[in-house]
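The values are calculated or read from the model by the stated rules, or taken from the named source; none is laboratory data. Note that this is a predicted model, so its numbers are computed, not measured. Counting neighbours? That spans all protein chains shown, and the Cβs are built from the backbone with ideal geometry, glycine included. Accessible surface areas use protein heavy atoms only, side chains included; no ligands, DNA or RNA. Shrake-Rupley method; radii C 1.70, N 1.55, O 1.52, S 1.80 Å.
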Amino acid sequence: MCLKTVELRLKDLLLSPPDATSIFGNLLDNALEATLAGNPGGERRIWLRIFNEGNYHCFEVGNTGPVIPLELQKKIFARGFTTKKVDRESHGQGLYIVQQLIKANNGRIEVHSSDQGTVFTVKFPISTT
(Lines give C-alpha, C1' and ligand atoms only; values in the text may rest on other atoms or scores of the structure.)
Protein backbone atom coordinates (compact mmCIF):
# COMPACT_ATOMS: atom_id res chain seq x y z
CA MET A 1 0.00 0.00 0.00
CA CYS A 2 1.29 3.41 -0.93
CA LEU A 3 0.15 6.38 1.13
CA LYS A 4 1.07 9.85 0.01
CA THR A 5 0.11 13.26 1.26
CA VAL A 6 -0.58 15.86 -1.38
CA GLU A 7 -0.44 19.51 -0.45
CA LEU A 8 -1.16 22.24 -2.93
CA ARG A 9 -2.30 25.78 -2.33
CA LEU A 10 -5.66 26.16 -4.02
CA LYS A 11 -6.62 29.55 -2.64
CA ASP A 12 -6.88 30.86 -6.19
CA LEU A 13 -9.19 28.07 -7.34
CA LEU A 14 -12.67 29.47 -7.81
CA LEU A 15 -14.57 26.18 -7.65
CA SER A 16 -17.41 25.63 -5.21
CA PRO A 17 -17.30 22.54 -2.97
CA PRO A 18 -20.49 21.07 -4.52
CA ASP A 19 -19.04 21.45 -8.05
CA ALA A 20 -15.71 19.95 -6.95
CA THR A 21 -17.52 17.01 -5.35
CA SER A 22 -19.59 16.37 -8.48
CA ILE A 23 -16.62 16.63 -10.83
CA PHE A 24 -14.06 14.58 -8.93
CA GLY A 25 -16.54 12.17 -7.35
CA ASN A 26 -17.77 11.20 -10.81
CA LEU A 27 -14.30 10.92 -12.33
CA LEU A 28 -13.00 8.80 -9.43
CA ASP A 29 -16.12 6.60 -9.47
CA ASN A 30 -15.70 6.00 -13.21
CA ALA A 31 -11.98 5.27 -12.74
CA LEU A 32 -12.74 2.69 -10.08
CA GLU A 33 -15.43 1.02 -12.20
CA ALA A 34 -13.12 0.92 -15.24
CA THR A 35 -10.24 -0.52 -13.22
CA LEU A 36 -12.39 -3.27 -11.73
CA ALA A 37 -13.65 -4.10 -15.23
CA GLY A 38 -10.07 -4.26 -16.51
CA ASN A 39 -7.98 -7.27 -17.39
CA PRO A 40 -8.37 -10.04 -14.81
CA GLY A 41 -5.01 -10.66 -13.20
CA GLY A 42 -3.63 -7.40 -14.58
CA GLU A 43 -2.70 -4.29 -12.66
CA ARG A 44 -5.67 -2.56 -11.05
CA ARG A 45 -4.81 0.97 -10.08
CA ILE A 46 -6.42 4.41 -9.97
CA TRP A 47 -4.68 7.69 -9.22
CA LEU A 48 -5.31 11.34 -8.60
CA ARG A 49 -2.55 13.85 -9.26
CA ILE A 50 -2.94 17.49 -8.31
CA PHE A 51 -0.42 20.03 -9.58
CA ASN A 52 0.03 23.49 -11.04
CA GLU A 53 1.12 23.91 -14.63
CA GLY A 54 1.67 27.41 -15.91
CA ASN A 55 -1.41 29.43 -15.00
CA TYR A 56 -3.57 26.37 -14.31
CA HIS A 57 -4.56 24.20 -11.38
CA CYS A 58 -4.46 20.67 -12.85
CA PHE A 59 -6.19 17.53 -11.65
CA GLU A 60 -5.43 14.20 -13.26
CA VAL A 61 -7.64 11.17 -12.61
CA GLY A 62 -6.34 7.95 -14.13
CA ASN A 63 -6.94 4.24 -14.17
CA THR A 64 -5.58 1.00 -15.61
CA GLY A 65 -8.93 -0.15 -16.98
CA PRO A 66 -9.73 -0.94 -20.61
CA VAL A 67 -8.63 1.45 -23.35
CA ILE A 68 -11.26 3.92 -24.50
CA PRO A 69 -11.09 3.84 -28.32
CA LEU A 70 -10.55 7.20 -30.03
CA GLU A 71 -14.00 7.15 -31.65
CA LEU A 72 -15.60 6.75 -28.19
CA GLN A 73 -13.39 9.45 -26.66
CA LYS A 74 -15.11 11.90 -29.00
CA LYS A 75 -18.56 10.83 -27.72
CA ILE A 76 -18.17 10.22 -23.99
CA PHE A 77 -19.09 13.77 -22.95
CA ALA A 78 -22.37 13.74 -24.89
CA ARG A 79 -25.55 13.75 -22.84
CA GLY A 80 -26.99 10.24 -22.66
CA PHE A 81 -23.92 8.46 -24.04
CA THR A 82 -22.94 5.31 -22.13
CA THR A 83 -20.95 2.16 -22.70
CA LYS A 84 -22.77 0.40 -19.87
CA LYS A 85 -24.73 -2.63 -21.00
CA VAL A 86 -27.12 -2.83 -18.07
CA ASP A 87 -29.72 -0.26 -17.02
CA ARG A 88 -28.71 2.12 -19.83
CA GLU A 89 -31.50 4.56 -19.03
CA SER A 90 -29.97 5.61 -15.71
CA HIS A 91 -26.47 6.10 -17.16
CA GLY A 92 -24.91 8.55 -19.59
CA GLN A 93 -25.23 11.72 -17.54
CA GLY A 94 -22.07 11.75 -15.42
CA LEU A 95 -19.39 12.86 -17.87
CA TYR A 96 -21.83 15.25 -19.54
CA ILE A 97 -22.48 16.93 -16.16
CA VAL A 98 -18.75 16.91 -15.38
CA GLN A 99 -17.98 18.70 -18.64
CA GLN A 100 -20.76 21.26 -18.09
CA LEU A 101 -19.54 22.06 -14.56
CA ILE A 102 -15.96 22.40 -15.75
CA LYS A 103 -17.00 24.75 -18.57
CA ALA A 104 -19.15 26.79 -16.17
CA ASN A 105 -16.03 27.28 -14.03
CA ASN A 106 -13.87 28.35 -17.01
CA GLY A 107 -12.00 25.06 -17.08
CA ARG A 108 -11.38 22.35 -19.62
CA ILE A 109 -11.16 18.58 -19.62
CA GLU A 110 -9.12 16.25 -21.82
CA VAL A 111 -9.00 12.47 -22.05
CA HIS A 112 -6.09 10.31 -23.21
CA SER A 113 -6.34 6.53 -23.32
CA SER A 114 -3.78 3.88 -24.24
CA ASP A 115 -2.74 0.42 -23.12
CA GLN A 116 -0.85 2.20 -20.30
CA GLY A 117 -4.09 3.59 -18.86
CA THR A 118 -6.76 6.23 -19.24
CA VAL A 119 -6.27 9.73 -17.89
CA PHE A 120 -8.77 12.55 -17.54
CA THR A 121 -7.04 15.89 -17.04
CA VAL A 122 -9.03 18.82 -15.69
CA LYS A 123 -7.55 22.32 -15.80
CA PHE A 124 -8.84 25.47 -14.14
CA PRO A 125 -7.19 28.84 -14.60
CA ILE A 126 -5.48 30.25 -11.52
CA SER A 127 -7.46 33.30 -10.48
CA THR A 128 -5.56 36.55 -10.72
CA THR A 129 -8.09 38.66 -8.80
Within segment 65-79, the count of residues that are under 20 Å from SER114 (Cβ atoms) and touching a helix residue (DSSP H, G or I) at 6+ places or on another chain (Cβ under 6 Å) comes to 3
Expected single match for open to solvent by 30 Å² or more (accessible area, probe 1.4 Å) and either in contact with a Cys (Cβ under 6 Å, 6 or more places away or on another chain) or on the phi > 0 side of the Ramachandran plot (or both) among GLY92, GLY80 is GLY80
Result of the Cβ filter at 6 Å on segment 20-31, keeping first residues that are within 17 Å of GLY107 (Cβ to Cβ) and partners that are assigned to a helix (DSSP H, G or I) and not hydroxyl-bearing (Ser, Thr, Tyr), at least 6 apart or interchain, is SER22/LEU101; ILE23/VAL98; ILE23/LEU101; ASN26/GLY94; ASN26/VAL98
The number of residues in segment 19-62 that are part of a helix (DSSP H, G or I), within 20 Å of SER114 (Cα to Cα) and in contact with a helix residue (DSSP H, G or I) (Cβ under 9 Å, 6 or more places away or on another chain) is 3
Taking segment 103-129 and keeping only residues that are surrounded by 12 or more Cβ atoms within 10 Å (Cβ to Cβ) and either of a type in the set (S, T, N, Q) or in contact with an Asp or Glu (Cβ under 6 Å, 6 or more places away or on another chain) (or both), one is left with ASN105, ASN106, SER113, THR118, VAL119, THR121, ILE126, SER127
